[in-house]
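Here's the structure we're looking at; comments come further down.
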Ligand SMILES: NC(=O)c1ccc[n+]([C@@H]2O[C@H](COP(=O)([O-])OP(=O)(O)OC[C@H]3O[C@@H](n4cnc5c(N)ncnc54)[C@H](OP(=O)(O)O)[C@@H]3O)[C@@H](O)[C@H]2O)c1
């Protein structure tokens, strides 16, 4: 089969489009023929050696996909051969024509969602949903500030916070990104490249601050967020796309009585299969009801996966990009 190989940790341009043996499913695993793979910022961190996990080299990157079941490993009775599924692969391997994944990481999907959208549903929306529900316990009517609001997981957080009945302030760095967040449900937008984030949040919330911050950016945006938390607020640590892992002045947490809450969706999926399956069912229901959507800006063929990853890490992407593998939408 064709696949993208990471031979050495380094720049995404060093990834290689190669022909390798197809994997076969072990006990508890399922072999999936991939139609499309989702592209996520952590994929780029992984191949650069900057992610929490460091798979043994060489390896095939790629965390999530949409495809069809073609073989079952020992001890696996379902999903049926031919079933269309989305999946999250904790051992990576989605940038390929075939992948094997643990059966508990696969979820059947119907044709209401396209391949490239389905392939991009789990990581970004799953993270936002887990963060806002199980971690922040977001309540209807609360104010949420979403940073990097036109990025993959930021845009998902805008949609999900709205679906949960919150009021959403979206912060992004260009007029186009702000407009996208607005069209997908944000009540207010702040161009934090031009406007003062702290002043604008205080203005919008009439000085009260926000109950929840969703932060996939880190760096300066995190520092400012600590200063606009309402009492009892939850600051969700999602990621550090800016490249700087910030430090917390804990005196601010004391004075404002807010909590800093870590979020690691991959660990959640690995450790709580039942809640994770319930979350995916809810995401698919929200998708059917039109409460959420997956905005796929563009698709790349498998051989051009490095270009897709570069598009994401260069701060140009709006929403998501997909890798189309064996079938076009
Ligand atoms: N904790 C978890 O479970 C989990 C799950 C998924 C992702 N993540 C993490 O969340 C972060 C964002 O992931 P994503 O998939 O949403 O990425 P993305 O689509 O690239 O969005 C990231 C956003 O960060 C902002 N940003 C600020 N400085 C940037 C820079 N120097 N380079 C690139 N972007 C920059 C950009 O928005 P503006 O231009 O508007 O500022 C961009 O839209 C990553 O660190 C990722 O590892 C964590």
Checklist entry - Can you name every residue in the range 157-177 that is on the phi < 0 side of the Ramachandran plot and either within 8 Å of the ligand (Cβ to nearest atom) or not in a helix (DSSP H, G or I) (or both)? => result 164, 166, 167, 168, 169, 170, 171, 172, 173, 174, 177
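A quick yes/no check of all residues on (1) under 17 Å from the mean Cα position of the chain (by Cα); (2) buried (at least 18 other Cβ atoms within 10 Å of the Cβ):
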residue: 57; (1), (2): no, no
residue: 60; (1), (2): no, yes
residue: 64; (1), (2): yes, yes
residue: 71; (1), (2): no, no
residue: 74; (1), (2): no, no
residue: 103; (1), (2): no, yes
residue: 109; (1), (2): no, yes
Checklist entry - Are any residues in the range 292-307 in contact (Cβ under 8 Å) with a residue 60 or more places away in the chain and either within 15 Å of the chain's Cα centre (by Cα) or surrounded by fewer than 16 Cβ atoms within 10 Å (Cβ to Cβ) (or both), and if so, which ones? => result 292, 293, 294, 295, 296, 303
Checklist entry - Of the conditions (1) crowded, with 24+ Cβ neighbours inside 10 Å; (2) within 20 Å of residue 42 (Cα to Cα), residue 210 fails just one. Which one is it? => result (2)
Next on the checklist: I'm told residue 151 meets every condition in (1) over 19 Å from residue 290 (Cα atoms); (2) more than 8 Å from the ligand (Cβ to nearest atom); (3) under 19 Å from the mean Cα position of the chain (by Cα) except one. Can you identify the failing condition by its number?
Outcome noted: (2)
Checklist entry - Could we say that residue 277 is surrounded by fewer than 17 Cβ atoms within 10 Å (Cβ to Cβ) and either touching a residue at least 24 places away in the same chain (Cβ under 8 Å) or within 24 Å of residue 112 (Cα to Cα) (or both) here? => result yes
Checklist outcome for this item: Within the range 97-120, of all residues that are within 12 Å of residue 63 (Cβ to Cβ) and touching a helix residue (DSSP H, G or I) at 6+ places or on another chain (Cβ under 8 Å), the one modelled with the highest pLDDT is 120
Checklist entry - Using beta carbons and a limit of 9 Å, which pairs, at least six apart or on different chains, have the first residue in the range 80-93 and on the phi > 0 side of the Ramachandran plot and in contact (Cβ under 8 Å) with a residue 40 or more places away in the chain and the second one assigned to a loop (DSSP other than H, G, I, E, B) and surrounded by fewer than 17 Cβ atoms within 10 Å (Cβ to Cβ)? => result 92/53; 92/55
Item to check | All helices (runs of 4 or more DSSP H) inside the range 243-329 with 2 or more residues being more than 30 Å from residue 232 (Cβ to Cβ) and more than 13 Å from the ligand (Cβ to nearest atom) | outcome: 273-288, 305-313
Next on the checklist: residue 240 - would you say it is within 9 Å of the ligand (Cβ to nearest atom), modelled with pLDDT of 95 or more and in the same structural domain as residue 132 (by TED's automatic domain parsing)?
Outcome noted: yes
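The values are calculated or read from the model by the stated rules, or taken from the named source; none is laboratory data. In this text, all values refer to a predicted model and were calculated from it rather than measured experimentally. In this analysis, Cβ positions are derived from the backbone assuming ideal geometry, glycine residues included, and neighbour counts consider all displayed protein chains.
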